[in-house]
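J.: Have a look at the structure that comes next, please.
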Amino acid sequence: MPQYLEAAERVLRSGRYINGPEVSAFEKDLAETTGVGYSIAVSTGLDALRLIFRAYIELGRLKPGDEVIIPANTFIATFLAVTHCGLTAVAADIDPTYSCLDLNKLPITPNTRAIIPVHLYGNICWEHRIMSELSKKGILIIEDNAQAIGARSSTPGLKGSFTTGSLGDAAAISFYPAKNIGAFGDAGAALTDDKLLADKIRELANYGAHEKYQHSSCGFNCRMDELQAALLRLKLTNLKNINDQRRTAAEAYDRLIINPNVIKPTIARDGSLQTWHQYVVRHPRRNALRQYLADNGVGTEIHYPVPCHLQKCYSDNPLLKTYTSLEVSEKLATEILSIPIADISLQEIQIISHLINIHK
Ligand SMILES: *Cc1c(COP(=O)(O)O)cnc(C)c1O
C-alpha cells in the first residue's frame, strides 16, 4: 500500500490529472507487457472495445449492418460495444471445455466482417489455423482480453506473437477493480500494432481531436486519468505474481475437489497459460450448491446467469442475430458457479474443497 499512496501523492501534487506523463508511461509499459506496438489508455474496457469498432468505422473498414460474431456467454459489454456502433451482433455458441467461442462452429455469413474471441475466465480463445483463414478472408479479429491479461496462447497470433492481446488485429483490456489487474476505479486500454487504428482510437477518445481544438472526427471523452495510470503502473509490475497466485489456487482446487457431481474447469496442457480470472465449476443442481456454500459462509458468483442473446435489451433488437443453436451457452448458464480464486489461502481452498466434496 505505501507505494500506491506515494504514487497517488505524486500525481495530486503535480496538478496534472489528464493527458500527462503517467498515462504515457503506463501506455509504454502496457505495450511492452502485452507485446503490441501501440496501447491507448482509456476510461473502461467497454470504451476500449467501442473505440476499436468506432475507429474501424471511421477508417472505412466496417460499416453499419456488418456482422460481428460474439460468444453468447460473455459479459454484456462485448455485445454493447458492437451494437452501440450500429454493427450487427451475431451470437455464437461456446465450447463446453473452455467456455470460449466454438471456433469449429462459427456462424459465418457473407456479411461477417469481424469476430470477437473473448478469453473468458482467462481461458485462451485462439487457434492459429482457423484465425489466419478468417483473417485472409478480410475478417477482423478483435480480442476481448478483459479477463486474460498476461495469458499465453499455445499457437501463434496473426503476427507470430503468443501473448493474448497481441494475437489478432486489436484487443481491449479492462482494469475494472475485480479484474486480475484492477484499477482503483474504472479503467481500460486498447491494443494494436496498426498505427492508423491506434491514432484514430486516440483521437476518438479525446473528443476526436488530432491536435488541440482541431477535431477531425466527432469523438468522445474516454480518457484514463493520471491517477489511475500511476497506480496501474505499479500493479502491472506485479502481473506475473498475481497470475501465478491464481494458477496455484486453481491447481490446488483441481487436486482437492473430488465430488463426482462437480465438473471442474480444464487446466490446459497444451503449453498455453491461463490467467484464472474465474474458477468456474459446473454442477447439475447449481443453485442448491450455491445456497449450501452461502450457508457455510462461502460467497460465489455466476458468470454469467443469462446469456447475452436472452437479455431483455436484445429481445426485439434488430442489431442482434442468432443463426445457430446456442444450446451449450444456454445449458452452461444453468450449471456454472464461480468459486473464490482471488487472494485466497491454501487453507481456505482446503475448506471450500471439503465443503464441496461432502455435498451431494
Ligand atoms: C469486464 C469486462 C468487460 C468490460 O470492462 P469494463 O472495464 O467493466 O467496462 C468486457 N468484456 C469482458 C469479458 C469483461 O469481463
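The rows are residues; the columns are (1) in contact with a Gly (Cβ under 6 Å, 6 or more places away or on another chain); (2) within 29 Å of A250 (Cα to Cα); (3) modelled with pLDDT of 95 or more; (4) surrounded by fewer than 24 Cβ atoms within 10 Å (Cβ to Cβ).
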residue: G150; (1), (2), (3), (4): no, yes, yes, yes
residue: P156; (1), (2), (3), (4): no, yes, yes, yes
residue: S174; (1), (2), (3), (4): yes, yes, yes, no
residue: L196; (1), (2), (3), (4): no, no, yes, yes
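J.: Could you list, in sequence order, the residues of segment 198-227 that are surrounded by 24 or more Cβ atoms within 10 Å (Cβ to Cβ) and out of contact with any strand residue (DSSP E or B) (no Cβ under 7 Å at 6 or more places or on another chain)?
T.: Selection gives K200, L204.
J.: Here's a follow-up. For residues that are in contact with a Leu (Cβ under 7 Å, 6 or more places away or on another chain) and open to solvent by 20 Å² or more (accessible area, probe 1.4 Å), scanning just segment 62-82, find the one that is nearest to A170 (Cα to Cα).
T.: Result: L80.
J.: Among the residues of segment 335-360, which ones are under 22 Å from the mean Cα position of the chain (by Cα) and open to solvent by 80 Å² or more (accessible area, probe 1.4 Å)?
T.: Once the filter is applied, which keeps residues that are under 22 Å from the mean Cα position of the chain (by Cα) and open to solvent by 80 Å² or more (accessible area, probe 1.4 Å), segment 335-360 yields only D343.
J.: Scanning segment 295-325 for residues that are assigned to a helix (DSSP H, G or I) and open to solvent by 60 Å² or more (accessible area, probe 1.4 Å), which turns out nearest to N123 (Cα to Cα)? Don't jump to the end; show me each part of the working.
T.: Just the residues of segment 295-325 that are assigned to a helix (DSSP H, G or I), to begin with: 295, 308-310, 312-314.
Checking which are open to solvent by 60 Å² or more (accessible area, probe 1.4 Å) leaves us with 295, 310, 312-313.
Details: D295: 30, L310: 23, K312: 27, C313: 27 Å.
Looking at the filtered set, the residue picked out is L310.
J.: Going by what's in this entry, would A249 be described as under 20 Å from L346 (Cβ atoms) and either open to solvent by less than 30 Å² (accessible area, probe 1.4 Å) or in contact with a helix residue (DSSP H, G or I) (Cβ under 9 Å, 6 or more places away or on another chain) (or both)? Write out each step before concluding.
T.: Numbers: under 20 Å from L346 (Cβ atoms): yes; either open to solvent by less than 30 Å² (accessible area, probe 1.4 Å) or in contact with a helix residue (DSSP H, G or I) (Cβ under 9 Å, 6 or more places away or on another chain) (or both): yes.
It is true that A249 is under 20 Å from L346 (Cβ atoms) and either open to solvent by less than 30 Å² (accessible area, probe 1.4 Å) or in contact with a helix residue (DSSP H, G or I) (Cβ under 9 Å, 6 or more places away or on another chain) (or both).
The values are calculated or read from the model by the stated rules, or taken from the named source; none is laboratory data. What you are looking at is a predicted structure, and each value in this text was computed from that prediction instead of being measured. Neighbour counts are summed over all protein chains in view; Cβ atoms, including those assigned to glycine, are modelled from backbone coordinates with ideal geometry. Just the protein is used for accessible areas: all its heavy atoms, side chains included, with ligands, DNA and RNA removed. Shrake-Rupley method; radii C 1.70, N 1.55, O 1.52, S 1.80 Å.
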